[in-house]
Amino acid sequence: MRHHLIVLVSKFPPSSRMHLQQPWRPSTRDFFNYNRLVMLNRLGDPWIPGLQVFALGKERLLGVENTILVTGGAGFIGSNFILGWMEREDGRVVNLDKLTYAGNPRNLQRVFSNPRYTFVKGDIGDRKLVAESLLTHKPRAVLHFAAESHVDRSILGPDDFVRTNVHGTFSLLEEARAYWLKLNASDQESFRFLQVSTDEVYGSLGAHDSAFTELTAYAPNSPYSASKAAADHLVRAYHHTYQLPTLTTNCSNNYGPFQFPEKLIPLMILNARSGKPLPIYGDGKNLRDWLYVGDHCEALRTVLAGGQPGSTYNVGGWNEKTNLEIVETICSLLDEFCPKDPVVPHRNLINFVTDRPGHDRRYAIDARKIERDLQWHPRETFESGIRKTIFWCLENDEWTKEVTSGAYRQWMETQYAARDTRARAI
Ligand code: NAD
Ligand code: TYD
């Protein structure tokens, strides 16, 4: 077993408190004897030649466990990912989540008492906690879902978006890099940092533009997408500069179980069932590509297993639909499943309201790279996925009741009360 040699490099003479040894320069034999020499100055920067070097001591190289660290695992996609992962894969899952309004530990009830699952409540921006979690659990990969994720909230209050999505991701990257530097060579090679991102970073397409590819230049338009774009750039830089083995996925709009009912699909299902207006922004002709969350989770497992470090992969469902088409589909399915709801046909509830400021007109994903290189394909069509989603909502109205408590009602009032509504039958 070879050892890890930690070396402190400093411009300054060692203080007695630091127990430094003699000024020291590594010899060829040292390089041979030690698997890797880590040379850092006090700020954690790499060694700069010409400075005095002081050996601090020897430390065994860390070996990873068959564990993954998931951030934001109590949110919509993260909880679907953890549940799917624990059914299919071995090893442990550590979920680091701050439990904001969007995080709900109940999503993970099925795995609570499973010894393979550990929950850590905390902020990705808390570097001490992140460092401790990494060193304690020794994950072989970090899957980074944690984010503020709702465009409308980012318009009303962008601060949290910059704090979590930009600064939080930076903190996580820094701690992941420090941890990664402590790993033995083969674990360093197989370690992955997977950044879960969005197609919104590419900006808005015109009606006849080709779909976004991995080479499309970033042009984010909302505070949300700008904060995700900034995070993606940091991830890219950490690969380019420090060789941290990163992967980035840019996925289109997800829908499915456990989605917080402030996003289009669960909001429309909830309002339609209770006879409330279905607020459609602008003319309802904005286009999005929609992917069932289970397909997204499978894409993430696929990229984690086979993705090329430093690469990005677009993930999409080849399902471009206008918002109005989505809402009309939901209404017809609810007419079929819930004919006794307060207002039927449900489409009578459709209400066109003032548009979202800076509302992106169209997103479309070209997912050929992940399909060709990693043989991932979506399993659900929009028709099958939306049926599953509606069934889930009908069977889990307790969940919906729980998440639509006081704070939710306050958000709905702030968000929709100010919008000019123009009720219009269609
Ligand atoms: P979500 O809002 O449902 O969940 C976010 C989770 O992150 C919550 O559990 C929340 O408690 C946690 N969180 C927030 N700030 C945190 C912090 N500072 N520290 C630790 N945890 C924190 O989001 P989602 O829809 O599940 O999205 C997950 C990821 O996928 C996000 O990064 C998002 O940008 C990306 N994404 C989402 C979609 C989509 O359609 N929902 C599409 C593509 C990509
Ligand atoms: P959303 O679910 O917020 O996702 P994103 O903005 O990240 O794409 O919205 C999806 C689309 O639905 C978007 O074009 C905005 C529109 N929308 C409405 O028309 N009404 C609503 O009440 C909401 C929440 C969204």
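Bear in mind these aren't lab numbers, they're just calculated from the coordinates by the rules spelled out. This structure is a prediction, so every number in the text was calculated from the model and none was measured. A quick note on method: Cβ atoms are made from the backbone with ideal geometry, for glycine too, and the neighbour counts reach across all protein chains shown.
Worth pointing out:
- Whichever residue in segment 59-101 is of a type in the set (Ser, Thr, Tyr) and out of contact with any strand residue (DSSP E or B) (no Cβ under 7 Å at 6 or more places or on another chain) and, among such residues, is nearest to SER405 (Cα to Cα): TYR101
- Within segment 192-220, the set of residues being closer than 19 Å to LEU173 by Cα and out of contact with any Pro (no Cβ under 8 Å at 6 or more places or on another chain) comprises LEU194, GLN195, VAL196, SER197, THR198.
- Close pairs (9 angstrom Cβ cut-off, 6 or more residues apart or separate chains): closer than 18 Å to LEU304 by Cβ in segment 360-380, hydroxyl-bearing (Ser, Thr, Tyr) and not in a strand (DSSP E or B) anywhere: ALA367/SER252; LYS369/THR213; ILE370/THR302; LEU374/THR302; GLN375/THR302; TRP376/THR302
- Scanning segment 106-120 for residues that are part of a helix (DSSP H, G or I) and either farther than 23 Å from ASP397 by Cβ or more than 9 Å from ligand 1 (Cβ to nearest atom) (or both) yields ARG106, LEU108, GLN109, ARG110, VAL111.
- Residue pairs meeting the criteria (Cβ under 6 Å; at least 6 apart or on separate chains; first β-branched (Val, Ile, Thr), in segment 127-153; second surrounded by fewer than 24 Cβ atoms within 10 Å (Cβ to Cβ) and in a loop (DSSP other than H, G, I, E, B)): VAL151/SER222
- Among the conditions (1) more than 15 Å from ligand 1 (Cβ to nearest atom); (2) more than 18 Å from the chain's Cα centre (by Cα); (3) in contact (Cβ under 8 Å) with a residue 24 or more places away in the chain, ILE68 misses just one, which is (2).
- Answer residue from segment 142-165, given it is within 11 Å of ligand 1 (Cβ to nearest atom) and assigned to a helix (DSSP H, G or I) and is nearest to THR249 (Cα to Cα) among those: ASN165
- When the criteria are applied in full, LEU287 meets the requirement of being under 28 Å from THR414 (Cα atoms) and touching a Lys or Arg at 6+ places or on another chain (Cβ under 8 Å).
- Filtering ALA217, ALA229, ALA207 for residues that are small (Gly, Ala, Ser), more than 16 Å from GLY358 (Cβ to Cβ) and touching a helix residue (DSSP H, G or I) at 6+ places or on another chain (Cβ under 9 Å) leaves a single hit, ALA217.
- Of the residues making up segment 210-233, those that are buried (at least 18 other Cβ atoms within 10 Å of the Cβ) and in a helix (DSSP H, G or I) number 10.
- Qualifying positions in segment 78-100 - more than 16 Å from the chain's Cα centre (by Cα) and either within 21 Å of LEU134 (Cα to Cα) or hydroxyl-bearing (Ser, Thr, Tyr) (or both): MET86, GLU89, ASP90, GLY91, ARG92
- Filtered residue count, segment 237-269, keeping only those that are surrounded by fewer than 17 Cβ atoms within 10 Å (Cβ to Cβ) and either within 12 Å of ligand 1 (Cβ to nearest atom) or assigned to a helix (DSSP H, G or I) (or both): 4
- Here segment 274-291 is the region considered, the condition is being among the charged types (D, E, K, R) and in a strand (DSSP E or B), and the residue that is nearest to ligand 2 (Cβ to nearest atom) is ARG288.
- Qualifying residue in segment 197-210 (condition: among the aliphatic types (A, V, I, L, M), within 11 Å of ligand 1 (Cβ to nearest atom) and within 16 Å of the chain's Cα centre (by Cα)): yes
- Residue list for segment 360-381, restricted to those being farther than 14 Å from HIS296 by Cβ and within 16 Å of ligand 1 (Cβ to nearest atom): ASP360, ARG362, TYR363, ALA364, ASP366
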